Each structure stands twice: as structure tokens, then as C-alpha cells.
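Notes to accompany the following structure.
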Amino acid sequence: MYFYDSRGYGDFFNMGEYSRMGYDQIKKKISIFDTTLRDGEQTPGVSFSMNQKYEIATKLNDAGVNIIEAGFPAVSPDELKTVKHINRDIGNICSLARCNRNDIDRVIESGSGIIHLFIATSDIHMQYKLAMSREQVFDKIIESVEYAKSHGLNVIFSPEDATRTNMDFMERIIRAIDVDTVNFPDTIGIMNPMSMYYFIMKIKEFTHKKISVHCHNDFGMATANTLAGIMAGADEVQVTINGIGERAGNASLEEVVSAIYGFSDSYTDIKMEKLYSISEYVACASGVIPQKNKAITGENAFSHEAGIHVHGIINNPKTYEAINPEIFGVKRRIVIGKHSGKAAVKYILESRGIYKTEDEINNILKIIKNENRTVDDEYLLQVVNNE
Ligand code: MN
């Protein structure tokens, strides 16, 4: 057990000698900023009801999320109402705003204590989206941050498309603003773990402000890039449940938090045993079901079928499990199919108090293998009864 990991979560990870090598370990708390209700809701085809948003915010708060981005109050009166409603009962709320008075005023009206201010800073976004020069964008940022601060808001500033922003321009902005946190969005997911590490190290050369990262999954690297950001010294991570979000989505909260315990000496305030029920609720409310082979929350993440694997798992789960599913309060699943061996059948039957001879088990296995598909425990028991 690691000194800073007071819940002993580290013990649930079966890592190897090299798993934690390659960078200087930092022992600190990583703040978890969840944006399921904002970036997550920007998933094509997803829109939560007010009740669903309230329910998700409550669950995130119970699970120990440090900051919940509840929404973007300027988008509609309903959104503003929802954020107000969530803010009334849950304290650690953040709301999104563009760098303009109207958006900031809606955040003030919502009651959020934290504002997430953003404006695009990459040349391509400034030219084709904002039609603004660097000077105009710079002035807008200064003016908006001052306005938000003068209303007592805690400010998180995001230079949108940061990973394609000119570094000198970004340095000038970050040096000029007095904010609590700067968040670096990899808006279109074009970083890899090595470049992300280098990018955050570069930023640390000119600022001591709190650093946050926001990674997208366009190359399937959102979790890895988020972890690389942490390894380079980021203090906060912006994530979503099940990794939902624009296009291929964001870094997933459950994967990032697991990676923090698996690969680093840092820790979080997250109560791991609460994550499955949030994942299920968000899957239901969003209609976006995690792919079967998704890490942590996919249906197969803790399932085993192949005979050799199951044999190992039965003797000692550490043989084929990187993460003990009990950390999430769930059980591993042994599935019977054409790759199964006697050990799996014997294990499932004996866990139900049914004892069979070697010949009988061989016979049952033969029948199931002839089916050429995966069968559930119910079917297995049916075969046993028919024999
Ligand atoms: Mn995003």
C-alpha cells in the first residue's frame, strides 16, 4: 500500500516491475473535474433531461468528484435553470462560458462559484471560426477574466485547441492572466503520450499556475494522454463517465482514475466502488452503451473464457487480471464457450454446490463445444440437468 493512497486502492492492481518506470513519480492528489454534463452531453445524439442531469451530478458528487461541470448556462434558459437547480444542492459546480459578457453574466446568474472560460487560441480556429486576430483574442481574454474575477468567480481558463496553439502566444496569455487554473484542451485529440508529456513540461517552464488537461479520443489516446499530462505534472484532469463526448469522446473518468493508481504514486478523492453504478446510469440516460471490450466498464472487461486463462484465474486471479474487479465492487465473470476447459465448468458448478466426476464434466464440455457459441450459467445448468 502506498503512503498517500489511504484507501489502499493500489493493492487491487497487479502491475509489473517496469509499469511505473520512465518518469519521476510525483506523490500528490489529482483533482478530478468531470464534464459528463457538458462535453459529455455534446456527444452527437445525446441530450439529458433536467432530472437526469441532477441525478448524474448527485452521483458524481457522492463518488468524490472534485469539480462538476454542470453545463453551459448561455445555451438556453432551460440549461440555466438546470445549472441553478444543481448548484442549489451541490456545491462544487462549474459552468462553461465563452469570453463575452453575456455568457459570463449567465454563469453569475446560475450561482456557480467556478467559471470555465474558454476561447480558441490556435491560428486555424481564430481565422476560420472567430475571424479574430491574436491581438483581439488576447484583449478579449484579459477583459473576460477581469470581469469574471471582479464578480468573485473562481476562474478556470481554457485556450481552446491549445495543442495547436503557437507556444509563444500561449505563454503571453498565461503570463498575463490571474486565474486559479489553466486547462489545456487537446480539442481534436491530436497528441500522443510522449508529445503530451513534452507539451506540459514546456508549459511548466513559464507558469506555476494549477494545470489541467482535457484530452479527446480521436486516436484512442485520451486516457494515455491524460496520464502523460499527470506524469508531467498536471494537477487536474477533465474527464467524462464512459468517455462520452464530442466525436470519439473524452478521456473516461473510470479509466483515468484506475491509471492513476496503477501507474503512479498519486491519488484521488474518488470512491472507486461507486463508479459502476454511475457508468450504468450514464449509459442508460445517454443511450451510449460502452463497447463490450472497453476497459473497466465494458461487459467483457472482467470476463474470462479461454481454458488456459480460466485455469490460471481459478488458481490465482493475479495470473490474468491487471485490475481486481472487486475494487469496483463487481465480480469477475467466467464464460463457457468453445475455448473453455474442464476447470471452468467445474468451477462454475462447484460455486453452485454441484459436484461432478471428471467424465461427467468432459461430457458436459463436449456438448457445449458442439454448440460453437458462448453460453451463460443458466444454459450450463440446463445441460447438466439433461445429462
Ligand atoms: Mn472537449
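The values are calculated or read from the model by the stated rules, or taken from the named source; none is laboratory data. Just so we're clear, the structure is a prediction, and the values are computed from it rather than from any experiment. Cβ coordinates were reconstructed from backbone atoms using ideal geometry, including for glycine residues, and neighbour counts include every protein chain displayed. Ligands, DNA and RNA are excluded from the accessible area calculation, which covers all protein heavy atoms including side chains. Shrake-Rupley method; radii C 1.70, N 1.55, O 1.52, S 1.80 Å.
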Quiz item: If you average over every viewing direction, what projected area does the convex hull of the Cα atoms of the range 278-336 give, in nm²?
Solution: 4.3 nm²
Quiz item: From the backbone phi of the range 228-237, what are the Karplus-calculated ³J(HN,Hα) couplings (6.51 cos²θ - 1.76 cosθ + 1.60, θ = phi - 60°) in whole Hz, Gly and Pro given as x?
Solution: 4, x, 5, 4, 7, x, 4, 9, 9, 10
Practice problem: Could you check how much of the accessible area of the chain is carbon and sulfur, as a whole percent, using a 1.4 Å probe? | Solution: 49 percent
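Work the Kirkwood hydrodynamic radius out for the range 197-351: mean of 1/r over every pair of different alpha-carbon atoms, inverted, in Å. Walk me through the intermediate numbers first.
Details: mean 1/r = 0.0579 Å⁻¹.
Answer for the range 197-351: a Kirkwood hydrodynamic radius of 17.3 Å.
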Exercise. Report the charge-dipole magnitude of the range 57-166 in Debye, nearest 20, computed about the Cα centre from +1 at each Lys and Arg Cβ and -1 at each Asp and Glu Cβ.
Key: 100 debye
Quiz item: For Asn372 and Ser47, FRET efficiency with R0 = 45 Å and r from the beta-carbon atoms, rounded to 0.05?
Solution: 0.60
Quiz prompt | Residue-averaged [θ]222 nm for the chain, counting only DSSP H segments that reach four residues, each worth -39500 (n - 2.57) | solution = -12000 deg cm²/dmol
Practice problem: Within the range 239-281, which residues have the backbone N less than 13 Å from the label spot 7 Å out from Lys331 along Cα→beta-carbon, could you tell me? | Solution: none
Quiz prompt | Rg ratio (alpha-carbon, reference 2.2 N^0.38 Å) - the chain | solution = 1.14
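Can you give me the relative contact order of the range 263-308 as a percent, contacts being Cα pairs under 8 Å and 6 or more apart?
Numbers: 21 pairs, mean separation 8.2, N = 46.
Over the range 263-308, the number comes to 18 percent.
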Quiz item: For the chain, with only Lys/Arg (+1) and Asp/Glu (-1) charged at the beta-carbon, what is the dipole magnitude about the Cα centre, in debye rounded to 20?
Solution: 220 debye
Quiz item: Can you give the longest stretch of the chain with no exposed loop site, where a site means chymotrypsin sites (Phe, Trp or Tyr not before Pro) in a DSSP loop (not H, G, I, E or B) with at most 16 other C-beta atoms within 10 Å?
Solution: 24-205
Quiz prompt | Eligible lysines near Lys27 by straight Cα distance, threshold 17 Å, same-chain separation 8 or greater | solution = Lys210
Practice problem: Please sort by residue number the GluC sites (Glu not before Pro) in the range 151-236 whose DSSP state is loop and whose Cβ has at most 12 other Cβ atoms within 10 Å. | Solution: Glu205
Quiz prompt | Count of lysine pairs in the range 324-367 with Cα separation under 17 Å (8 or more residues apart, or interchain) | solution = 7
Practice problem: Using Cα pairs closer than 8 Å and at least 6 residues apart in sequence, work out the relative contact order for the chain, in percent. | Solution: 17 percent
Quiz prompt | Built amide H within the under 5 Å cut-off of His216, gap 5+ | solution = Asp186, Gly189
Quiz prompt | For the chain, accessible area per residue (1.4 Å probe, heavy atoms of protein chains only), Å² | solution = 45 Å²
Quiz item: Ratio of the range 303-386's C-alpha Rg to 2.2 N^0.38 Å, to two decimals?
Solution: 1.08
Exercise. Pull up all non-local amide H partners of Lys294: gap of 5 or more, or a different chain, and H-to-H distance under 5 Å with H placed in the peptide plane.
Key: Glu299, Asn300
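Could you compute how fast the range 114-195 diffuses translationally, taking Rh as the Kirkwood radius over C-alpha pairs and applying Stokes-Einstein at 25 °C with viscosity 0.890 mPa s? Give it in µm² per second.
189 µm²/s
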Quiz item: Within the chain, what percent of beta bridges assigned by DSSP are antiparallel, to the nearest 5?
Solution: 10 percent
